[in-house]
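Shown next, in structure tokens, is the structure this report addresses.
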Amino acid sequence: MQRTATAVWQGALKDGKGAISTQSGVLSDTPYSFATRFENQKGTNPEELIAAAHAGCFTMALSAQLGTMNFTPQSLRTTATVTLEKLDAGWTVSKVHLDLAAKIPGITAEAFESAASSAKANCPISRLLKAEITLAIHLEQAA
């Protein structure tokens, strides 16, 4: 399986602008720029897209892991926070923190922690990143 995305950039770094499009069309000429990356202006940036990819990948991996344990989640909600910082080697995505809130009927805290740890270690985006990846888990009461 292969997926594609395209980035187009025009101009210098600080006053230039770009657009990102994805094969699926979910992103279509979505703007990005120095200001959307470093000054929080409207638009996207590579780190936000990595956060979205990691949150989605981890959450799907956790659902799969839970299925192998005969649990069906009522809900899984993951927020991924990507840290971009300037290191000696240059700008680096140094950390990703995954914050998971879950409602899973019948699961024990130990089984939940085991499943979440496995998903964190084994989702393809986790394996792609060289950054430190941390995880906080919150098991909520299932209805």
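The values are calculated or read from the model by the stated rules, or taken from the named source; none is laboratory data. Everything numeric here is computed off the predicted structure, so don't read it as measured data. No Cβ is skipped: glycine too gets one built from the backbone with ideal geometry, and neighbour counts run over all protein chains shown.
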Task: Subset of the range 57-96 (residues that are touching a Leu at 6+ places or on another chain (Cβ under 9 Å) and among the aromatic types (Phe, Trp, Tyr)) - done: Phe58, Trp91
TODO: Scan the range 96-143 for residues that are touching a Phe, Trp or Tyr at 6+ places or on another chain (Cβ under 6 Å), modelled with pLDDT under 95 and among the small types (Gly, Ala, Ser) and jot them down.
DONE: none
TODO: For the range 1-23, name all the residues that are in contact with a strand residue (DSSP E or B) (Cβ under 9 Å, 6 or more places away or on another chain), surrounded by fewer than 11 Cβ atoms within 10 Å (Cβ to Cβ) and under 22 Å from Pro124 (Cα atoms).
DONE: Arg3, Thr4
Open item on the list: If a residue must be surrounded by fewer than 17 Cβ atoms within 10 Å (Cβ to Cβ) and not aliphatic (A, V, I, L, M), how many such residues does the range 48-62 contain?
Closed with: 2
Open item on the list: Condition first: over 30 Å from Thr108 (Cβ atoms) and either free of Cβ contacts under 8 Å to residues at least 24 places away in the same chain or not polar (S, T, N, Q) (or both). Can you find one or more residues in the range 72-82 that meet it?
Closed with: yes
Task: Matching residues in the range 30-75 - criterion: being touching a strand residue (DSSP E or B) at 6+ places or on another chain (Cβ under 7 Å) and either among the aromatic types (Phe, Trp, Tyr) or within 15 Å of Ser126 (Cα to Cα) (or both) - done: Tyr32, Glu47, Ile50, Ala51, His54, Ala55, Phe58, Thr59, Leu62
Open item on the list: Given the criteria modelled with pLDDT under 95, surrounded by fewer than 14 Cβ atoms within 10 Å (Cβ to Cβ) and farther than 19 Å from His138 by Cβ, does Trp91 qualify?
Closed with: yes
Task: Matching residues, the range 118-139, being in a strand (DSSP E or B) and either touching a residue at least 60 places away in the same chain (Cβ under 8 Å) or among the β-branched types (Val, Ile, Thr) (or both) - done: Ile133, Thr134, Ile137
- [ ] Please find, among Ala116, Ala80, Ala51, the residue that is within 20 Å of the chain's Cα centre (by Cα), outside the structural domain of Ala19 (by TED's automatic domain parsing) and more than 21 Å from Thr22 (Cβ to Cβ).
- [x] Ala116
